[in-house]
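Here's the structure, in structure tokens; my notes come after.
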Amino acid sequence: MALTWRDVRDRLVRALVQANRHDLDTEEKAYAFAEEHLDFSLTHTFGGHSACVEFETRASAEADRYFVCDMGSGARAFGEHVLARQSGRPATVNVFMSHVHWDHIMGFPFFGPAYHTPFHIRIFGCHDSLEHAFRLQQAPPCFPVPFSHLTARIEFVHLAPGETREIDGVVVTAQKQLHSGDSYGYRFDADQRSFVYTTDSEHKLEDRVDTENFVAFFRHADLVVFDAMYSLADSISVKADWGHSSNVVGVEMCQQARARRLALYHHEPANDDQAIARILRETRRLEELTREGHPIEVLAAYDGLEIEL
Ligand SMILES: [Zn+2]
Ligand SMILES: [Zn+2]
């Protein structure tokens, strides 16, 4: 859930109380105080953007290459970062689409590089409807700028699930997932590191074949970004078949796969920061209690989170 004005006011009030009797008469002192003394809950938010995750390899930044998963509303900020870093130099942006539900494509009309000629945007995905969905959301009466007016070179590239291919130095494998209209997870291997992006994916724990497939897909990953929208109770009762998974399933699969890090992702929109922080604490506790010698670092994804693998 995005911050409301009430949340901002309440944080400010708590920060002012904590700052009382500290001599903060310059912005430098106030910044230092905020960084060292204020709680995470006052200086961060789990955010209001929908799916958009960038990753880099050792070579990609210098080679004018970008990689990003999904084009949710976070694509606007990602586009600004690309434009600022390139400052006029051409670049290739490789986009990997989990599926074309609206929360995963809605940022594209606001993605700055799409409006700049020197950019080459390659949109990878496994759905036949990939290009249609991107064009449709910019057709009247939904958006003022039609897709055909975008000036970047935009290419749609079909990937076959289960097949591995190399894209700009990254070995990419897509995996089909259970979700309304299907979705696809991606495993990326480069620089002896592995990153799995798996969102909008429901798992039936009683389905042994599904579990084994995903455990193999997550095997020894340095980071698994995992759909943990629901609690386990929700995901096996009221919200069964809604196409999402839980933090509990994420821990179990990452333990079996001996993954290094698990980032809880695609937070339930109804949850505020406090609720997500509570789920994170509970998930870390669960990981500790069920651990069999192999620790997993558990994180909750938030806007601006950067992880070095
Ligand atoms: Zn979806
Ligand atoms: Zn979604």
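When region 128-143 is limited to residues that are assigned to a loop (DSSP other than H, G, I, E, B) and under 22 Å from His49 (Cβ atoms), the one that is nearest to ligand 1 (Cβ to nearest atom) turns out to be Gln137.
Contact map, region 51-62: residues that are within 27 Å of Ala2 (Cα to Cα) and touching a residue at least 24 places away in the same chain (Cβ under 8 Å) paired with residues that are open to solvent by 30 Å² or more (accessible area, probe 1.4 Å) and part of a loop (DSSP other than H, G, I, E, B), Cβ distance under 7 Å, separation 6+ or inter-chain. Pairs shown: Ala51/His266.
In region 1-22, the residues that are under 23 Å from Ala300 (Cα atoms) reach residues that are surrounded by fewer than 11 Cβ atoms within 10 Å (Cβ to Cβ) with C-beta atoms within less than 9 angstrom, at least six apart or across chains, in these pairs: Met1/Ala270. Among the residues of region 172-196, the one identified as of a type in the set (S, T, N, Q), open to solvent by 40 Å² or more (accessible area, probe 1.4 Å) and within 16 Å of ligand 2 (Cβ to nearest atom) is Ser180.
Residues that are open to solvent by 30 Å² or more (accessible area, probe 1.4 Å) and not polar (S, T, N, Q) within region 39-52 comprise Asp39, Phe40, His44, Gly48, His49, Cys52, listed in sequence order.
Just to be sure, is Arg153 touching a helix residue (DSSP H, G or I) at 6+ places or on another chain (Cβ under 8 Å) and away from ligand 1 (no atom under 16 Å from the Cβ)? Walk me through how you get there before you give the answer.
Numbers: touching a helix residue (DSSP H, G or I) at 6+ places or on another chain (Cβ under 8 Å): no; away from ligand 1 (no atom under 16 Å from the Cβ): yes.
Spelling it out, it is not the case that Arg153 is touching a helix residue (DSSP H, G or I) at 6+ places or on another chain (Cβ under 8 Å) and away from ligand 1 (no atom under 16 Å from the Cβ).
When Leu280 is tested against the conditions (1) surrounded by 17 or more Cβ atoms within 10 Å (Cβ to Cβ); (2) more than 17 Å from the chain's Cα centre (by Cα), the lone failure is (2). Thr57 falls short on exactly one of the conditions (1) polar (S, T, N, Q); (2) more than 22 Å from Gly107 (Cα to Cα); (3) open to solvent by 40 Å² or more (accessible area, probe 1.4 Å), and that condition is (3). The residues of region 149-163 that are without any contact (Cβ under 8 Å) to a residue 24 or more places away in the chain and open to solvent by 90 Å² or more (accessible area, probe 1.4 Å), listed by number, are His149, Glu163. Among the residues of region 249-258, is there at least one that is without any contact (Cβ under 8 Å) to a residue 40 or more places away in the chain and within 16 Å of ligand 2 (Cβ to nearest atom)? Scanning region 249-258, I find at least one residue that is without any contact (Cβ under 8 Å) to a residue 40 or more places away in the chain and within 16 Å of ligand 2 (Cβ to nearest atom), so the answer is yes. Of the residues making up region 93-108, just one is open to solvent by 10 Å² or more (accessible area, probe 1.4 Å) and more than 9 Å from ligand 1 (Cβ to nearest atom), namely Met106.
Looking at Leu83, Leu136, can you tell me which residue is among the aliphatic types (A, V, I, L, M), out of contact with any Asp or Glu (no Cβ under 8 Å at 6 or more places or on another chain) and open to solvent by 60 Å² or more (accessible area, probe 1.4 Å)? The match here is Leu136.
Please work out if Thr199 is touching a residue at least 12 places away in the same chain (Cβ under 8 Å), open to solvent by 10 Å² or more (accessible area, probe 1.4 Å) and β-branched (Val, Ile, Thr). Please lay out each step first, then the result.
Details: touching a residue at least 12 places away in the same chain (Cβ under 8 Å): yes; open to solvent by 10 Å² or more (accessible area, probe 1.4 Å): no; β-branched (Val, Ile, Thr): yes.
Against the criterion (touching a residue at least 12 places away in the same chain (Cβ under 8 Å), open to solvent by 10 Å² or more (accessible area, probe 1.4 Å) and β-branched (Val, Ile, Thr)), Thr199 does not qualify.
Restricting Tyr265, Tyr184 to those that are at negative phi, touching a Leu at 6+ places or on another chain (Cβ under 9 Å) and in contact (Cβ under 8 Å) with a residue 60 or more places away in the chain reduces the list to Tyr184. Being more than 16 Å from ligand 2 (Cβ to nearest atom) and open to solvent by less than 50 Å² (accessible area, probe 1.4 Å): is that true of Phe119 here? Spelling it out, Phe119 is indeed more than 16 Å from ligand 2 (Cβ to nearest atom) and open to solvent by less than 50 Å² (accessible area, probe 1.4 Å).
The values are calculated or read from the model by the stated rules, or taken from the named source; none is laboratory data. As the structure is a prediction and not an experimental result, all values here were calculated from the model. We place every Cβ from the backbone using ideal geometry, glycine too, and count neighbours over all the protein chains shown. Keep in mind that these areas ignore ligands, DNA and RNA; they rest on the heavy atoms of the full protein, side chains included. Shrake-Rupley method; radii C 1.70, N 1.55, O 1.52, S 1.80 Å.
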